[in-house]
Each structure stands twice: as structure tokens, then as C-alpha cells.
Amino acid sequence: MSETIDKTAIRDAATVIVVRDRISKPSILMGQRGASAAFMPNKYVFPGGAVDAGDDDIALGADLPALDAERLSQESTRAAPALAIAAIRELWEETGQILGTPSVWDDAPADWRGFAQRGQRPNASALSFMFRAVTPQGNPRRFDARFFMVDADHLITDPDDFNDAEDELSHLQWVPLPDARTLDLPFITKVVLAELEGTLKSGAPSASVPFFRNNDEARLVTRLGGHNPLDV
């Protein structure tokens, strides 16, 4: 379905950080955006993209954890399930990987049919909301992106098989976490990686979720589920 994009508006978006072998030797799933892409050309990124209008109409096969749903709802007009749906859909479209739970889905929309043919509906129960950031002013497109983390063990597909991926990302690969910073990354991806490293090291969920607002010269950072504002 084609959409008319207002390039001046801040669009809701969702991104997925899939972590493999998180205890022994963690690696993350990344791909490279094309040289002609309007947003972040040539950069290595996590799978993700804008929320589509149809994402509000998709029923989850398994719901978000209650704490993550509550944090996603803070300072947001977008329903938390739609953000989770967008994350799972983008993961499917860009990598061919399915985060699903068994369910009959006979009336799946066109962009979900390959997902449904495997007897799956989107599974949000394993997603962990860990970061939120608004694209800085001056960019050709701006997004209010929610970053989710999920363990690769929850994928129902072969994590090394990207044959069903669309062509938006190239060089799809599992990048060892210590090597990720050597890639050509957007600034915010570097910040998210630092947060991810801290989360994996602690082995426990964060007490709150960082929110890079990028709404003034100070690039104000606050935390969702906590009250620790910090200027950076």
C-alpha cells in the first residue's frame, strides 16, 4: 500500500536488535542501507522502519510484557501493540526472520502472507523495549524510533537464512558485539550499542528507558519509567 509521506513530520518507527549467543559471545543482526537511500545512506543499521497505517489493524499472537507496554505508552499517541507489530513486520521484511507464535491466520494482509503461511502470528512477548530516540532536526526525514531487543532463540526461522529478505538492506550478517563499532554507524546506533552492552553485562532489565528527544540544542535526554533527566 502506497502512502503519501510528509517529510516535515516526525513519523513513529520501530527497530529490532536481535541478539544471538548473548551469554557466551553476543552478536547482533545488522545490514547496510543502500547508497541511494534518502535516510542514512550506506550506514549499517538494525532492521526497522516507520509504522504503517495497517499496523494498527494486526492482532498479535502474543502480547507485549505489561511493563514494556506501559513504558511504550508514555508520552505517545501511538498504541503500543502497533509499535510491536511494526518492529516484527520490519524484521520479517528486511531479513526474512520470523518472530512468531503458532496460529491460524487465514485473512493475513498481503505483506504478512509469507509469515502467515508458516502458521504464525506476530509474537511480541519476547520483545524488550530498551531505547527511544527522535531523529535530530535538519535531517531529510525524522522518526520517533522505539528500539526493541529480542533474543535470537525466539526466532522460528533459521537465523542464518536471509533468502526471504527484501532488498532494502544488503550485507545482512551477525556482527560480534565488540566489532559492531568498527562499522559505518549512525550516531544514535552507537549510543544504543552502549546501552545494549550495559544491559547484557548486567543481565537484568534496565530500571528505565532512555529517551533522546532531540528537541532543543541541548539534545535533552530523559528516561521513561524513571525521572532522571540528563543534558548531553
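Computed from the coordinates by the stated procedures, all read-outs in this text should not be read as laboratory data. These figures come from a predicted structure and were not determined experimentally. Glycine also receives a Cβ, built like all others from the backbone with ideal geometry; neighbour counts cover every protein chain displayed.
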Task: Average silhouette area of the chain, convex hull of alpha-carbon atoms, in square nanometres - done: 12.3
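Fewest first, what order do MET30, MET130 take by the number of other Cβ atoms within 10 Å? Mind showing how you got there, number by number?
Values: MET30 23, MET130 20.
Final ranking by Cβ density, sparse to dense: MET130, MET30.
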Open item on the list: What do you get for trypsin sites (Lys or Arg not before Pro) in the stretch 54-97 restricted to DSSP loop and a cutoff of at most 12 other Cβ within 10 Å of the site's Cβ?
Closed with: none
Open item on the list: Along the charge dipole of the stretch 105-209, pointing to its positive end and built from +1/-1 on Cβ of Lys, Arg, Asp and Glu, which listed residue (LEU196, LEU155, ALA126) has its Cα farthest out?
Closed with: LEU196
Open item on the list: Which residue fluctuates most in the GNM of the chain (Cα springs below 10 Å): LEU220, LEU29, LEU155?
Closed with: LEU220
- [ ] Please list, in chain and number order, the residues 5+ apart from LEU183 or on another chain whose amide H is under 5 Å from its amide H, with Hs placed from the backbone.
- [x] none
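Let me check I've understood the local charge: for HIS154, count other residues with C-beta under 12 angstrom from its C-beta, Lys and Arg +1, Asp and Glu -1. What total comes out?
Values: positive: ARG20, ARG22; negative: ASP151, ASP153.
Charge balance in the 12 Å sphere: 0.
Calculate for the chain the 222 nm mean residue ellipticity that helices alone would give, adding -39,500 (n - 2.57) per DSSP H run of length 4 or more and normalising by residue count, nearest 500 deg cm²/dmol. Don't jump to the answer; show the numbers that get you there.
Working: 4 runs with 44 residues, N = 232.
Rounded to the nearest 500, the figure is -5500 deg cm²/dmol.
Compute the longest continuous run of the chain that contains no exposed GluC sites (Glu not before Pro); treat a site as exposed when its DSSP state is not H, G, I, E or B and it has at most 14 other Cβ atoms within 10 Å.
With a cap of 14 other Cβ atoms within 10 Å, the longest stretch comes to 76-165.
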Task: Ranked ARG132, ARG113, ARG146, ARG181, criterion: other C-beta atoms within 10 Å, fewest first - done: ARG113, ARG181, ARG132, ARG146
Task: GNM top mover of ASP164, ASP55, ASP151 - the chain, alpha-carbon springs below 10 Å - done: ASP164
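Under 12 Å from the Cβ of GLN32, count the other residues' Cβ atoms, weight Lys and Arg +1, Asp and Glu -1, and hand me the total.
Numbers: positive: ARG33, LYS43; negative: GLU94, ASP167, GLU168, ASP184.
Once positives and negatives cancel, what remains is -2.
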- [ ] Output the relative contact order of the stretch 10-224, whole-number percent, from Cα pairs under 8 angstrom with separation of 6+ residues.
- [x] 28
Task: Assigned charges on the beta-carbon of Lys, Arg, Asp, Glu; the chain dipole about Cα centre (debye) - done: 800
Task: In sequence order, calculated HN-Hα J values of the stretch 112-119 (Karplus, 6.51, -1.76, 1.60; Hz; x Gly/Pro) - done: 10, 5, x, 5, 5, 5, 8, x
